[in-house]
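The values are calculated or read from the model by the stated rules, or taken from the named source; none is laboratory data. Because the structure is predicted, anything quoted here is derived from the model rather than measured. Note that each Cβ is placed from the backbone with ideal geometry, even for glycine, and that neighbours are counted across all protein chains shown.
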Amino acid sequence: MHRLFLVLALLFAAPISAAWGEDEPFHAGIARVEVPAAVPFDTLIWYPADGDQASWQIGPFLLPATHGAPVAAGRFPVVLLSHGGGLGGGSPLILSALSAALARQGFVVVAPFHAKAGLSLRTAQMGAALGAVLSDARFAPHVDPVRLGMLGFSLGGAVTLELAGASPDWAYFAAYCAAHPEDAMSCGHAPGGTHSGERLAAAKPLSLKAIVLLDPLAAPFSRDGLTAVTMPVLLFRPEDSGLPAERNAAALRTMLPQPPVYEALQGGHFIFADRCAPAVQATEPELCLDQAGVDREAIHADIERRIAAFFGGTL
């Protein structure tokens, strides 16, 4: 299973669907910036743009956005995006279609490359990436930091929960992993092994108005650790995910102080990822291929619509 994460950067060579339509008020622009830190990291900024729509090639990835396009007039809400983990670190590039769709609906999406950072460092990276956008002369006049939301996939869900005010309980998590050695996806597939428990300083919560969780890792959090997560939550759970629902997505339905909007989907854990290149579909079926009757593109279109509507009503 862990081999899947090691090859993420090579898998998505196929062109990403760029079906922007008349019901989308903007085109998508994109920039890539380096964020100063003890270990500098890159961040993608997706944003509403005017003018002609184009695509931008980053290695094998064809992104449905115009590189360096002028930012559209106005001030827009911000959505922070934290991608999944895996032993290879993960990448925001596999969520490009969703990021572009939000930009076309009038959101600025800030998506760091976490590389192999663990949970605590990822939360710090999110705050630094937001600060970089707010201090960038291209974007500062066009973003409204008061209207701030966040979206997290898999390990990025844990990052999102912590920045929303949740406190991980590492002893609680270690006890769960010791009792469930079969649950490698929750306990052993994050960089460094999430179950080892990072003893870094607790993250400073951001003033998030709403969050979206895509099949999140929630096992590090007990009910008591979630009491501060009181903003609206939209939660997606694929029916055939290998991330056990009873300790992750399904647990959040009962443990969050305010019940989330819970959406069950067809597909596996990676149903949220952009489609793979045909050449790798046979070798990485868990990541690339869906069960018979599952239409990934149709599911993506529905997810994009629901997330844009949710953030539109809460930010």
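Of everything listed in (1) without any contact (Cβ under 8 Å) to a residue 12 or more places away in the chain; (2) buried (at least 19 other Cβ atoms within 10 Å of the Cβ), the single unmet condition for Phe113 is (1). For region 234-258, taking the residues that are part of a helix (DSSP H, G or I) and in contact with a Ser or Thr (Cβ under 9 Å, 6 or more places away or on another chain), the one that is farthest from Leu289 (Cα to Cα) is identified as Met255.
So that you can scan it fast, the table gives a plain yes or no per residue for (1) on the phi > 0 side of the Ramachandran plot; (2) in a helix (DSSP H, G or I):
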| position | (1), (2) |
| --- | --- |
| Ala101 | no, yes |
| Gly106 | yes, no |
| Val109 | no, no |
| Lys116 | no, no |
| Met126 | no, yes |
| Ala129 | no, yes |
| Ala132 | no, yes |
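A Cβ distance below 9 Å, combined with a sequence gap of six or more or placement on separate chains, defines the contacts here; from region 162-188, residues that are without any contact (Cβ under 8 Å) to a residue 40 or more places away in the chain and at positive phi reach no residue that is surrounded by fewer than 23 Cβ atoms within 10 Å (Cβ to Cβ) and in a helix (DSSP H, G or I).
Against the list (1) at pLDDT 95 or above; (2) among the hydrophobic types (A, V, I, L, M, F, W, C); (3) assigned to a helix (DSSP H, G or I), the condition Ala31 fails is (3). The residues on offer are Leu206, Leu234, Leu226, and the sole one that is touching a strand residue (DSSP E or B) at 6+ places or on another chain (Cβ under 9 Å), at pLDDT 95 or above and under 19 Å from Ala164 (Cα atoms) is Leu234. Only one of Pro220, Pro238 is buried (at least 22 other Cβ atoms within 10 Å of the Cβ) and in contact with an Asp or Glu (Cβ under 6 Å, 6 or more places away or on another chain); which? Selected residue: Pro238, the only one of Pro220, Pro238 that is buried (at least 22 other Cβ atoms within 10 Å of the Cβ) and in contact with an Asp or Glu (Cβ under 6 Å, 6 or more places away or on another chain).
Note on region 34-64: residues that are crowded, with 17+ Cβ neighbours inside 10 Å, touching a Leu at 6+ places or on another chain (Cβ under 9 Å) and not in a strand (DSSP E or B) total 1.
Filtering region 134-159 to residues that are of a type in the set (Gly, Ala, Ser) and surrounded by 15 or more Cβ atoms within 10 Å (Cβ to Cβ) leaves Gly149, Gly152, Ser154, Gly156, Gly157, Ala158. Restricted to region 292-315, and to residues there that are under 18 Å from the mean Cα position of the chain (by Cα), assigned to a helix (DSSP H, G or I) and aliphatic (A, V, I, L, M), the residue that is farthest from Leu148 (Cα to Cα) is Ile299. What about Ala69, is it surrounded by 20 or more Cβ atoms within 10 Å (Cβ to Cβ), aliphatic (A, V, I, L, M), at pLDDT 90 or above and over 19 Å from the mean Cα position of the chain (by Cα)? Taking the combined requirement at face value, the residue satisfies it. When you scan region 296-305, do you find a residue that is surrounded by fewer than 17 Cβ atoms within 10 Å (Cβ to Cβ), farther than 22 Å from Leu93 by Cβ and either touching a residue at least 12 places away in the same chain (Cβ under 8 Å) or in contact with a helix residue (DSSP H, G or I) (Cβ under 8 Å, 6 or more places away or on another chain) (or both), even just one? There is no residue in region 296-305 that is surrounded by fewer than 17 Cβ atoms within 10 Å (Cβ to Cβ), farther than 22 Å from Leu93 by Cβ and either touching a residue at least 12 places away in the same chain (Cβ under 8 Å) or in contact with a helix residue (DSSP H, G or I) (Cβ under 8 Å, 6 or more places away or on another chain) (or both). The set of residues in region 134-182 being of a type outside the set (Lys, Arg), out of contact with any Phe, Trp or Tyr (no Cβ under 8 Å at 6 or more places or on another chain) and assigned to a loop (DSSP other than H, G, I, E, B) consists of Ser135, Asp136, Ala137, Ser154, Ala164, Gly165, His180, Pro181, Glu182.
In region 260-275, the residue that is surrounded by the fewest Cβ atoms within 10 Å (Cβ to Cβ) out of those that are under 23 Å from Pro232 (Cα atoms), free of Cβ contacts under 8 Å to residues at least 60 places away in the same chain and not aliphatic (A, V, I, L, M) is Tyr262.
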